[in-house]
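Heads up: the structure comes next, in structure tokens.
The values are calculated or read from the model by the stated rules, or taken from the named source; none is laboratory data. Because the structure is a prediction, the values reported are computed rather than measured. Cβ: placed from backbone, ideal geometry, glycine included. Neighbour counts: every protein chain shown.
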Amino acid sequence: MRLSLLIVFVLWLYPSLQEKDFSHLREKMVKEQIERRGITDQATLSSMRKVQRHLFVSDDMVDHAYEDRPLPIGYGQTISQPYIVAFMTEIIQPGPDHHVLEIGTGSGYQAAVLSGIVKEVYSIEIIDSLGSQARNRLDKLDYKNIQVRLADGYHGWKDKAPFDAIVVTAAAEHIPPPLIAQLKENGRMIIPVGSPFMIQQLMLVEKKNGRVHTSGMMPVQFVPFKRRQ
Ligand code: SAH
């Protein structure tokens, strides 16, 4: 009798013990991989502390979810390294009333990180099954201010434009002109630019007085930006 009570108690406790374990890993990830590398924006740090990254990867990747690297999410795609997600979030200077467009929903993780900081996140994914998986995941986790669309993000999302910021999470050979057009005055876009399967430059694109300024931030390696024929 006592033993069975103990078993029931342990089983009941198990999920919360597991989450405690993950929250410890998450805190460690933020301190060692993100703060230590110079990310200071409090909204970004607090969102990275909240979003349960292990729920955005498949079961066989859960134990690696908080490691300092990208992870495969199926269909040849990856969820970005935590530091890169934090960097891309901080650099767009996200604000509570902002409307942000993301190209490359993937797992939905970057969208979830943005969701806690800005007003509305619009995210486009070109691989239908990946996009619908992400949409289901985000719904289940109750992220209410994220809309996922299955399309070629090259054309942006005209109905919802202009955007305060745009985050592109696949490497493009050039900056898609429709995305520049859909960026607000004083808006910021972060996008990896360069050849697929090689090292690319993470570019910051700013629109000031109708003119576009670009600056290289750091070398990165992203999956290729695809096109729908
Ligand atoms: N932000 C994602 C990272 C996904 S990797 C995350 O947090 O998990 C990049 C994603 O961009 C892939 O899912 C890929 O299918 C998608 N992608 C590539 N080209 C695209 C395009 N033209 N439009 C929309 N999504 C695209």
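Structure notes:
- Test: residue in segment 119-140 that is more than 13 Å from the ligand (Cβ to nearest atom) and within 17 Å of T44 (Cβ to Cβ): yes
- Residue within segment 89-96 that is small (G, A, S) and either in a loop (DSSP other than H, G, I, E, B) or in contact with an Asp or Glu (Cβ under 8 Å, 6 or more places away or on another chain) (or both) present: yes
- Pairs where the first residue, in segment 211-229, is modelled with pLDDT of 95 or more and of a type in the set (S, T, Y) and the second is within 16 Å of the ligand (Cβ to nearest atom) and not in a strand (DSSP E or B), C-beta under 8 Å, 6+ apart: T214/I175
- Every condition in (1) touching a residue at least 60 places away in the same chain (Cβ under 8 Å); (2) closer than 19 Å to L138 by Cα is met by I73 except one, and the failing one is (1).
- Subset of segment 163-173 [hydrophobic (A, V, I, L, M, F, W, C), touching a Gly at 6+ places or on another chain (Cβ under 7 Å) and within 10 Å of the ligand (Cβ to nearest atom)]: V168, A170, A171
- Candidates Y83, Y75 - the one that is modelled with pLDDT of 95 or more, in contact with a Leu (Cβ under 8 Å, 6 or more places away or on another chain) and of a type outside the set (A, V, I, L, M): Y75
- Filtering segment 163-186 to residues that are under 23 Å from S80 (Cα atoms) and assigned to a strand (DSSP E or B) leaves F163, D164, A165, I166, V167, V168, A171, A172.
- Test: residue in segment 102-110 that is assigned to a helix (DSSP H, G or I) and either touching a helix residue (DSSP H, G or I) at 6+ places or on another chain (Cβ under 6 Å) or within 11 Å of the ligand (Cβ to nearest atom) (or both): yes
- Being within 12 Å of the ligand (Cβ to nearest atom), touching a residue at least 40 places away in the same chain (Cβ under 8 Å), closer than 24 Å to P219 by Cα and not in a loop (DSSP other than H, G, I, E, B) is a condition met by at least one residue of segment 146-162.
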